[in-house]
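The values are calculated or read from the model by the stated rules, or taken from the named source; none is laboratory data. Predicted, not measured: the structure shown is a model, and the values here were computed from it. We place every Cβ from the backbone using ideal geometry, glycine too, and count neighbours over all the protein chains shown. These area figures cover heavy atoms from the full protein model, side chains too; ligands, DNA and RNA do not enter into them. Shrake-Rupley method; radii C 1.70, N 1.55, O 1.52, S 1.80 Å.
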Amino acid sequence: MILRYFRTLLVALAALPMAALAAPSPILLSEFIDPAPPYPQAHASTIVELPDGTLAAAWFGGTGESRPDVTIWFARRGAHGWDKPVSVADGQSADGTRYPTWNPVLFQPPGGPLTLFYKVGPNPRGWWGMVKTSSDGGRHWSAAQRLPEGVLGPIKNKPVVLADGSWLSPSSREVGTPEENHWFIRMERSIDRGKTWTVEPPIASPMGIEAIQPSVLHFADGCLALIARTRQGALAMSWSHDAGKSWSPLVAADLPNPNAGTDAVTLADGRQLIVYNHSAHWPDQPGNGPRWPLNIGLSRDGVSWRNVLTWRTNRCPMAMPIRR
């Protein structure tokens, strides 16, 4: 009887198409947050899980990056999909001048309100940090507040909450002119849940690596690491053994970077995960390259990474614009 069962099972498996026998897809869900947005361009998305498990996302959208009509958009994923996105922040100033908004960062601190950091200003060399909070998961928002002078907040990726409860914000600076500007990383710290901030000194870069938009990773031994976008064709890393008070000089990571943003996070099991573009640069444009495919890498030690997923686009790569 058992032999007959297994013979029947083998015959049934042989009749299945090969696709049915393949490993399950690592992509659990693929969907648009807004399939018909009221603007032609969007950029710099951020996503967060709320305390009740709901997902929320934000991004900036408008007629084009750096234009005054660009605002911060926000949406929650309800039981039946994503709710209709709403504009939750703009760059309207008290004197009537309207500036573009940039790079929202959603942050859900334990036991605290959902926090939205973003930037307002004419360009990344002249922007300033802003913040809003929501006590009901993004359904309603506080009035916008400008961060203290010299504090920009997290530039693209989330702050982390350290063991002592302080917030470590991965920040960076772009200074100079459009033709000649300099990039460097300056971490920001709050010991009172965002009421006040301290701006740390720039992280040293003796190799001349120019980096922005870091993410912070943490390890079981208390060590911290940051990984960041650069102009030099590879991601950069730095390490801290004193809860982010001091950092080692920037070094190149063993991951290519086409001068494009990344995001990285420490998983619950201690592994490190990064989302990035595994490409370096155009042959005729050093430091600027194709932002495809999209890759996910995993690492145990933050040094050696292995690719676990490659997300390719079916658009013609040469038709894709090179964005900041």
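Name the residues in the range 264-301 that are open to solvent by less than 50 Å² (accessible area, probe 1.4 Å) and over 27 Å from Ala220 (Cα atoms), would you? Scanning the range 264-301 gives Asn277, Ser279, Ala280, Trp282, Gly287, Asn288, Gly289, Pro290, Pro293.
Within the range 89-100, being in contact with a Gly (Cβ under 8 Å, 6 or more places away or on another chain) and over 14 Å from Ala42 (Cβ atoms) holds for Gly91, Arg98, Tyr99. Yes or no: the range 71-82 includes at least one residue that is in a loop (DSSP other than H, G, I, E, B) and at pLDDT 95 or above. The answer is no, given that none of the residues of the range 71-82 is in a loop (DSSP other than H, G, I, E, B) and at pLDDT 95 or above. Can you tell me which residue is nearest to Ile274 (Cα to Cα) among those in the range 185-215 that are open to solvent by 40 Å² or more (accessible area, probe 1.4 Å) and assigned to a strand (DSSP E or B)? Filtering the range 185-215 for residues that are open to solvent by 40 Å² or more (accessible area, probe 1.4 Å) and assigned to a strand (DSSP E or B), the one nearest to Ile274 (Cα to Cα) comes out as Val199. Considering only the range 109-126, state which residues are buried (at least 19 other Cβ atoms within 10 Å of the Cβ), part of a loop (DSSP other than H, G, I, E, B) and under 19 Å from the mean Cα position of the chain (by Cα). Selection gives Pro124 alone. One residue alone among Val131, Val160 is β-branched (Val, Ile, Thr), open to solvent by 20 Å² or more (accessible area, probe 1.4 Å) and under 15 Å from Thr196 (Cβ atoms), and that residue is Val131.
So that you can scan it fast, the table gives a plain yes or no per residue for (1) open to solvent by less than 40 Å² (accessible area, probe 1.4 Å); (2) modelled with pLDDT under 95:
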| position | (1), (2) |
| --- | --- |
| Ala20 | no, yes |
| Pro26 | no, yes |
| Ser30 | no, yes |
| Ile33 | no, no |
| Tyr39 | yes, no |
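Quick check on the range 83-93. Is at least one of its residues touching a Leu at 6+ places or on another chain (Cβ under 9 Å) and open to solvent by less than 10 Å² (accessible area, probe 1.4 Å)? There is at least one residue in the range 83-93 that is touching a Leu at 6+ places or on another chain (Cβ under 9 Å) and open to solvent by less than 10 Å² (accessible area, probe 1.4 Å).
Among the residues making up the range 43-72, a single one is in contact with a Gly (Cβ under 6 Å, 6 or more places away or on another chain) and open to solvent by 60 Å² or more (accessible area, probe 1.4 Å): Asp69. Residues in the range 188-242 that are free of Cβ contacts under 8 Å to residues at least 60 places away in the same chain, in contact with a Pro (Cβ under 7 Å, 6 or more places away or on another chain), more than 20 Å from Arg125 (Cβ to Cβ) and not polar (S, T, N, Q): Trp197, Ala204, Pro206, Val216, Leu226, Gly233, Ala234. Cβ separations smaller than 6 Å between residues 6+ apart or across chains give the following pairs from the range 115-132 residues that are at positive phi to residues that are crowded, with 19+ Cβ neighbours inside 10 Å and not in a strand (DSSP E or B): Gly121/Tyr99; Gly121/Trp127.
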